[in-house]
1. Can you give the FRET efficiency to the nearest 0.05 for Lys139 and Lys108, using r as the Cβ-Cβ distance and R₀ = 30 Å?
2. Find, among the GluC sites (Glu not before Pro) in segment 341-400, those assigned to loop by DSSP (not H, G, I, E, B) with at most 14 other beta-carbon atoms within 10 angstrom.
3. Run the numbers for Val56 and Tyr337: contour at 0.36 nm per residue of separation, minus the present Cα-Cα distance, in nm.
4. What distance in nm separates the simple spin-label points at Arg325 and Ala347, each placed 7 Å from Cα in the Cβ direction?
5. What's the Cα-based Rg to Rh of the chain, Rh via Kirkwood?
6. Report, in deg cm²/dmol and to the nearest 500, the calculated mean residue ellipticity at 222 nm for the chain, where each DSSP H run with n ≥ 4 adds -39500 (n - 2.57) and the sum is divided by the residue count.
7. With a cut-off of at most 15 other beta carbons within 10 Å, and DSSP calling the residue loop, which trypsin sites (Lys or Arg not before Pro) in segment 103-196 qualify? Please list them.
8. For an R0 of 30 angstrom, estimate the FRET efficiency from the Cβ-Cβ distance between Asp163 and Asp118 and round to the nearest 0.05.
Amino acid sequence: MRVEVTRTAVLRYPLGFVAKLGYDTNQIVETFKLFRAIATHLYWCKKLGIEPDPNVVAKAQQLHSYFRDCIFNERSQRYLFKNIDEIPRPRKTLLDLNPRVGVVIYPKMNNCVVLNLDRSEIWVYGLNRGTSIRLLLRKKTVEWIKKILVENPRKMATLVLRDDVLEIHLHFSKSVEVPDIELPLPCGKYVIAVVDINSRYGVVCTWMFIDIDRGVCRVIRFKKYRRRNLSKLWSYVSYIQRLRDRLRNIGALDYRKKLLYNKLVSQCLKKISAINRDFVAKTTNEIVCRTRRLAKRYGAQPLIVVDKPDPESLKGSALQQTLLRLTKILRVKVLWYGVPYIECRLASTVCPFCNEKMKVVRKTKRSRIYRCPRCGFEADRDLVPAYSFLMHYSTLKVGYPQRDHQHKVSIHRD
Ligand SMILES: [Zn+2]
């Protein structure tokens, strides 16, 4: 199966910061406004099947050719109005359309965005008349881009101006051949990572090696990923908001104080979202890297199985957004390396062997041990999804593990 995978990095530069570097930010804002107006006009003309206004087309000459390409050139990769007929009609009249532009790596220069990785800089042409805008890249970003470039992907960028922040979204895409996986797994050797997305704990990953032909099954590793507890930060946010409201109620909230309180809140929210982003990035990276490494070591086909969270069960959970984003990002990262990715529902409280509802027998801070009242199967709740997968989606016959099941699973053979 061939899939198209795109990985994206978002670089954010506040306009205030860009102005400090000596660039005329008014010109940047004007360019975006002009582009948005012209692109919206062309969008509606195309959608409604009418000829664009010649005055508007003439006005488009003021835009740099980098930006004209994605609204006029239908054969371009970056053309914005592909499959426009299939998209439902937008409610807004003026649309948030952003220019899609080409990206090259220095010493090539002939494009809108130039990545100069040796100098850790990104150069954007066409926004400022005549000159380029040169912005610094973080060390981490440079390393990430270098790693991605090894795979020789296609490069594209979207320039976005949102809330006085210039955003550069770098898209790297490639077409990947992913082995087809037949379920239930008929034969062969696999290293399977069963990822259980859990609203209470965060993420639990179980790595197993199975050799269906020889009837071998082993749990190699088992790891829980927990996000840092954010309750302190959240209560700080509500504390500041309470203070601000109290001041407002007695009429003592002047403009300067209001700005100060809002700044404190937004700083804290930024911190929270940075922690979440970090958690998602680290967790997904580790799952993907470890799975590939183990597969190599065992000479087996890697496979990632995600117990997709039920949006209902995650509802209201503070972790919800983070976990849903995590599945999305994990999928992209996994497919990028050509590792098959499967999403399915795996029960964690139903006995994988006889489908009886299991009961908690022991509960500690770190684990919950469940036991099946009918057949006596006993395991950590977080290991149950892995057994469920083996029982329901492979032809391997696994006998249920006895007490000492942590790392070895006893096997029945036919
Ligand atoms: Zn049972």
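What follows is calculated from the coordinates using simple rules that are stated; it is not laboratory data. Bear in mind that the values here come from a model prediction, so they are computed numbers and not experimental data. Glycine gets a Cβ as well: all are built from the backbone with ideal geometry, and neighbour counts include every protein chain shown.
1. Details: r = 23 Å, r/R0 = 0.76.
E(calc), rounded to 0.05, equals 0.85.
2. Those that pass, being in a loop and sparsely packed, are Glu356.
3. Between Val56 and Tyr337, full extension yields 96.7 nm more.
4. About 3.4 nm separates the two model spin labels.
5. A ratio of 1.05.
6. Only helices count here, giving -12000 deg cm²/dmol.
7. Working: sites: Lys108, Arg119, Arg129, Arg134, Arg138, Lys139, Lys140, Lys146, Lys147, Arg154, Lys155, Arg162, Lys174, Lys189; in loops: Lys108, Arg119, Arg129, Arg138.
Listed in order of number, the matching sites are Lys108, Arg119, Arg129, Arg138.
8. 0.40
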